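Following: one structure in structure tokens, then a few remarks.
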Amino acid sequence: MDESLEVIVGKLRKHLRLEKKSVEMYRLTLEKIRSPVLREVLEGILIDSIAHMELLKASINVLKEVSKIKFEIEAEEIREREETEKLIKVLEEHLRLEEGAIQNLISLAEKVSIYSIRETLRSLYEDEKRHHMLLRNIIMALKEQI
């Protein structure tokens, strides 16, 4: 692994440790919160932090292997073309079904006058856009394989 990748991996590991610490803190804090609304918001952030941890772990693993082998996404390990095509269809259908819902989120956000709720909806919208970008990249990689 070249030096710059080692530095990047080190920084990602540091960020991963911070996410783990955040998850632990949220779990301890949630037990003490009486407000259902505040608890739900913090639970949502907790879930995002857990997702961030998994994405960081995957990124670290890929970068550690980048100098040794060509990057292959996990789904590429599916050996049969038919299974890969099925996976592509499932992912494309997921994108298609969620597209309207995602646009609805931003539309709803603009109609809500409560700042914290409006910003929460905007944040959800941005997260969904990023998820869709990742899924489109995975679909492209899978299509290149078949």
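The values are calculated or read from the model by the stated rules, or taken from the named source; none is laboratory data. Bear in mind the structure is a predicted one, so any value in this text is a computation, not a measurement. For neighbour counting, all protein chains shown are included, and Cβ atoms are generated from backbone atoms with ideal geometry for every residue, glycine included.
Scan the range 125-145 and give yes if some residue there is aliphatic (A, V, I, L, M), surrounded by 12 or more Cβ atoms within 10 Å (Cβ to Cβ) and without any contact (Cβ under 8 Å) to a residue 12 or more places away in the chain, otherwise no. No; the residues of the range 125-145 include none that is aliphatic (A, V, I, L, M), surrounded by 12 or more Cβ atoms within 10 Å (Cβ to Cβ) and without any contact (Cβ under 8 Å) to a residue 12 or more places away in the chain. Of the numbered criteria (1) at pLDDT 85 or above; (2) within 21 Å of Val9 (Cα to Cα); (3) hydroxyl-bearing (Ser, Thr, Tyr), the one Tyr125 fails is (2). Can you name the residue in the range 48-82 that is modelled with pLDDT under 55 and part of a helix (DSSP H, G or I) and is also surrounded by the fewest Cβ atoms within 10 Å (Cβ to Cβ) among such residues? Result: Glu74. Scanning the range 119-146 for residues that are among the hydrophobic types (A, V, I, L, M, F, W, C), in a helix (DSSP H, G or I) and more than 23 Å from Leu56 (Cβ to Cβ) yields one hit, Leu121.
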